[in-house]
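For reference, the structure is listed below as structure tokens.
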Amino acid sequence: MKFMIVGSGAREHAIADNAIRCGYEVYAASDIRNPGLLELSKELFVLDILNGDAVVEAVEKVQPDVVFIGSEESLFAGVSDAVREAGFFVIGASKKAADIEKSKGFMRGLMEKYGLYGRLRFKTFANIEEATRYIDEYAGSVAIKPTRQAGGKGVKVIADLQAYLKDEKSVAKKRHVSDIVDQNLSQDLEDPILIEERVEGVEFTLQCFTDGTHIIPLKIVEDHPHAFVEDIGPETGGMGAISGVDNNLPFLTKRDYDTSFEIVEKVVCAIEKEIGEPYFGVLSGQFMLTEKWGPTVIEFYSRLGDPETVNIMPQLENFDEIVRGMMKKNVEGISASFKKKATAVKIVAPKGYPNNRDMGKGHEIRIDQKALEKTGAKLYFGSVYEKDGKLYTGGSRGIEIFAEAESVEAASDMVEAAALCITSDWKLFHRKDIGTKALLKKRHEQADLARDIFRYREERGLIGKSIDWIPGIGKIET
Amino acid sequence: MAGVCGIFAFDEIWDVSRFVYYQMLAVQSRGQESFGIAITDLDKVHSISKTGTVQETLASDEISGLKGSVGVGGVSTRAMNGYVSDDIAIFFDGSVTITEKEAQVLREALGTMDEVEAVRKFQDSISGAYSMVILTKDKLIAARDKCGVKPLVIGGVGFDLAVVASETSALDVIGAELSRDIEPGEIVIIDKNYIDEIKDPSPRKPAQCIFEYVYMSRIDSRINGYDIHEIRKKIGVILAKNNPVDADVVIGVPETAIPFAMAYANESGIPIDLGFMRTGKHLRTAIRPSQMERIRTAVRGKRVVLIDDSVVRGTTMRNIVNLLRKRGAKEVHVRIGSPKLVAACPFGTEVPTTDELIAVDNTDDEIARIIDADTFGYLDLKQLKEALGSENFCTGCMSKTYPEVD
């Protein structure tokens, strides 16, 4: 079977890797000469993966049985529709359906309209002035984001709990709103700024394949969005992720898992009602375990996550069955089966990521293959390109190191050993703390605390509710 | 004694001076004689240094006049525990000396070599115990001496700020989340594009200042993995077990000794009552005098267990005992939640000199006579270590044995 992957990063590398194990003949279309895809694919087409015509041209040359679109930007650009129209089978959401990820305004509005569990209060704004006025009127704890998916860029979560720091926080919020607009992070979206209620808690991702009716959930994965160790530093696309021995994470309960799955199910239905076509492809829920709802939706991905894919794909034992089910447009009765081992993935990025990517571009990196083999870890290539037999950084998240073991901690140690095998004259960094005992303990504590408060609220019928009392106005329940 | 703090905003939308100001308030208990605050706008370091307390002498418009996204602060019991210029600011808690000469070592090293090597070279040029924060035009560096005598913690706020401080109180006050203690001998370098944590390649046995747990740190702080309030309650339990008294009421001297007294009361079954109210600032008596008023009814006709955190010269305690007797206390039994102080501190804590310490050559009975108490009892050092469950401390002021910190 001919399998063509569209996308340029570690996610696509990991998908291609599994496709090879399924015995497929793999082809790839990428922006860059990704060394992983270069090695695995029979042919790598370097092209603009946002250009439907260019992708269709490559697809027509290959005549694949399956086109798997990994990259969200390709989905947003309508590449899946273009390839489908050309008569090929595609795993990937349509441009319309991918709005669930592209526009947080669409996603939040949908959840609101259909009264879905795990929703948050939000407002979108057409310009800086409107958003600024809102910040002046409502000086609370908020998350300020570009309405459009911007790869983690431009997200600020500002807790406004100390009255004595209110002015500083208000100034920062307003400056950030201006930055979102000035940097054009929402591109063509009408309302570029989204402000939503701030929640806090442990985050996790539930990735699913769906034919529009049936859903195949994969192992739950926990990503780490802060750039630097100790959960400090700017928001990134994710600096590494972990998963447990079983399908759930060690700090989540079965109920947390089930609730999250039900949310994904309901969203799949709601999207179909809203856009008039079934959702076909991958839908991933990015959740936070909060005291308000338990699992609460932070965002949806219209594709597999990155780095979350790299935790999943090396362990997914029946990818072939899933792909063939998707080809029949019916995945009823299929469930994903995984190796019973915990995983850790950590990303090595060049200095400059995420806020000054240009400085991190074009630096040679070296890999000590011999030493690497001894560690038992495996590398998946992200923003790294091959030129004249050498590897260079692309400025974004470079190499994702995967390891599996009996425990997350053991997998993390293997990844650390492997990280020593990657060197450069330019400064590289990764998060040593991901998967350590100390950080896992912290997650357990955070999750337990959120569940305790949630249970108290549940007993009083307060789930999902916010009750405010405003002097002169009275009680407002939302 | 001194306290340090620092903030690094990864995004220039933040002006951090007021955050640093509140951090300084939260470590003010570690020193009230002088302070310094330094903020960089990534081009130049702007600073203010003054004598007095932060709250009394730093005006709001002075704070807002300091513009920039990275900053540090220090408070001290001395004239100045630090160095400031327009390209480097250093504040420390400890016993090192930092003048233009040492600062120049750091300045030159940062200009010529790898920044970790540069910090190490600077560390080699100074001698003594320290937890310090260093501000350059675009970096925040935190470092702790090889034994970790003084505390230092790191945390963060959202996706925006990295935060360091002597105690977690200075994290809580700005809504920061504690990540962990910076380790003895560790260097943390915070830059816009990375955080480097460089552990000590040849770690030594830690020697945390044991005085922190009984006296220095705030009750709401967590340092070196210990919750101060929990430790003080444990001490109260140990005191009650080993120094029992047949009495009617337990009174604690505010603020530090309150947890000792609460736990003593709970363990012994003797009710606790409020005996004192302070007038004026809640600052340390050993550092700065403040008036203490007695609550009239708490002790009249009663046998009192009076609990305090330490006895240095005995003069304050004698006054307090006397006040209680004048309010009608039938008996006054003094119990101290820390071991005897018998020697000076070479690491920057102002324990008085040996000839000023009442415990140096007086027995418990003699001390009781001097301070006019019925009985007098200390916690002993072994019991304190038992409460802490470790041996990794500098106990110099209680044992005359000091660790090698350089």
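The values are calculated or read from the model by the stated rules, or taken from the named source; none is laboratory data. This one's a predicted model, so the numbers in the text were calculated from it and none came from an experiment. Neighbour counts run over all protein chains shown; Cβ positions are idealised from the backbone, glycine included. Heavy atoms of the whole protein, side chains included, go into the accessibility calculation; ligands, DNA and RNA do not. Shrake-Rupley method; radii C 1.70, N 1.55, O 1.52, S 1.80 Å.
Within region B:111-129, the set of residues being open to solvent by 20 Å² or more (accessible area, probe 1.4 Å) and either among the hydroxyl-bearing types (Ser, Thr, Tyr) or away from chain A (no Cβ under 14 Å) (or both) comprises B:GLY111, B:THR112, B:MET113, B:GLU117, B:ARG120, B:LYS121, B:GLN123, B:ASP124, B:SER125, B:SER127.
Taking region B:145-255 as the region of interest, the strands (runs of 3 or more DSSP E) fully inside it that hold 1 or more residues being open to solvent by 20 Å² or more (accessible area, probe 1.4 Å) and touching a Lys or Arg at 6+ places or on another chain (Cβ under 9 Å) are B:177-181, B:194-198.
In region A:132-145, the qualifying residues are those that are more than 14 Å from chain B (Cβ to nearest Cβ) and either within 25 Å of A:ALA227 (Cβ to Cβ) or in contact with a Ser or Thr (Cβ under 9 Å, 6 or more places away or on another chain) (or both), and the one that is modelled with the lowest pLDDT is A:ALA139. When restricted to residues that are open to solvent by less than 20 Å² (accessible area, probe 1.4 Å), out of contact with any Lys or Arg (no Cβ under 6 Å at 6 or more places or on another chain) and farther than 17 Å from B:LYS150 by Cβ, region B:11-34 contains 6. Checked against the criteria, A:TYR164 counts as over 23 Å from A:SER383 (Cα atoms), within 14 Å of another protein chain (Cβ to nearest Cβ), in contact with a helix residue (DSSP H, G or I) (Cβ under 8 Å, 6 or more places away or on another chain) and surrounded by fewer than 17 Cβ atoms within 10 Å (Cβ to Cβ). Region A:353-396 holds strands (runs of 3 or more DSSP E) entirely within its bounds, and those carrying 1 or more residues that are farther than 15 Å from A:LEU428 by Cα and modelled with pLDDT under 95 map to A:384-387. Whether any residue in region A:228-246 is within 14 Å of chain B (Cβ to nearest Cβ), within 16 Å of A:SER284 (Cα to Cα) and either open to solvent by 30 Å² or more (accessible area, probe 1.4 Å) or of a type in the set (D, E, K, R) (or both) is what I want to check. No, because not a single residue in region A:228-246 is within 14 Å of chain B (Cβ to nearest Cβ), within 16 Å of A:SER284 (Cα to Cα) and either open to solvent by 30 Å² or more (accessible area, probe 1.4 Å) or of a type in the set (D, E, K, R) (or both).
When the residues of region A:49-85 are narrowed to those that are farther than 24 Å from A:ASP306 by Cα and not in a helix (DSSP H, G or I), which ends up least open to solvent (accessible area, probe 1.4 Å)? Among residues in region A:49-85 that are farther than 24 Å from A:ASP306 by Cα and not in a helix (DSSP H, G or I), the one least open to solvent (accessible area, probe 1.4 Å) is A:PRO64. Here A:LYS475, A:LYS441 are screened, and the one residue that is touching a Phe, Trp or Tyr at 6+ places or on another chain (Cβ under 7 Å) and free of Cβ contacts under 8 Å to residues at least 40 places away in the same chain is A:LYS475. Pairs are defined by a Cβ separation below 8 Å, a sequence spacing of at least 6 or placement on different chains, a first member in region B:12-29 that is closer than 13 Å to B:GLY68 by Cα and of a type in the set (Lys, Arg), and a second member that is assigned to a loop (DSSP other than H, G, I, E, B) and open to solvent by less than 30 Å² (accessible area, probe 1.4 Å); no pair meets this definition. As a summary of the residue check, A:LYS378 satisfies the conditions (1) open to solvent by 70 Å² or more (accessible area, probe 1.4 Å); (2) touching a strand residue (DSSP E or B) at 6+ places or on another chain (Cβ under 7 Å); (3) more than 14 Å from chain B (Cβ to nearest Cβ); (4) over 21 Å from A:LEU40 (Cα atoms) except for the one numbered (4). Listed by position, the strands (runs of 3 or more DSSP E) contained in region B:17-81 that have at least 2 residues being within 14 Å of chain A (Cβ to nearest Cβ) are B:70-76.
If you filter region A:417-438 down to residues that are free of Cβ contacts under 8 Å to residues at least 40 places away in the same chain and in contact with a helix residue (DSSP H, G or I) (Cβ under 9 Å, 6 or more places away or on another chain), you find that the one that is farthest from the other protein chains (Cβ to nearest Cβ) is A:LYS437. Quick check on region B:154-180: of everything there that is at the interface with chain A (Cβ under 7 Å from one of its Cβ atoms) and of a type in the set (A, V, I, L, M, F, W, C), which residue is nearest to B:TYR194 (Cα to Cα)? Restricting to residues being at the interface with chain A (Cβ under 7 Å from one of its Cβ atoms) and of a type in the set (A, V, I, L, M, F, W, C), the top hit is B:ALA162.
For region A:286-302, does any single residue satisfy the condition of being open to solvent by less than 10 Å² (accessible area, probe 1.4 Å), in contact with a strand residue (DSSP E or B) (Cβ under 7 Å, 6 or more places away or on another chain), acidic (Asp, Glu) and more than 16 Å from A:GLY92 (Cα to Cα)? Within region A:286-302 (the criterion being open to solvent by less than 10 Å² (accessible area, probe 1.4 Å), in contact with a strand residue (DSSP E or B) (Cβ under 7 Å, 6 or more places away or on another chain), acidic (Asp, Glu) and more than 16 Å from A:GLY92 (Cα to Cα)), the answer is no, since none of the residues qualifies. Each residue in region A:86-128 was checked for being among the small types (Gly, Ala, Ser) and not in a loop (DSSP other than H, G, I, E, B), and 3 pass.
Is it fair to say B:ASP124 is over 16 Å from the mean Cα position of the chain (by Cα) and free of Cβ contacts under 8 Å to residues at least 12 places away in the same chain? Answer is yes for this residue. Of all the listed residues (B:PHE376, B:PHE347), the sole one being more than 30 Å from B:ASN81 (Cα to Cα), open to solvent by less than 30 Å² (accessible area, probe 1.4 Å) and among the aromatic types (Phe, Trp, Tyr) is B:PHE376. Screening region A:167-200 for residues that are in contact with a Phe, Trp or Tyr (Cβ under 9 Å, 6 or more places away or on another chain), of a type outside the set (Lys, Arg) and within 13 Å of chain B (Cβ to nearest Cβ) and picking the one that is farthest from A:GLU129 (Cα to Cα) gives A:VAL199.
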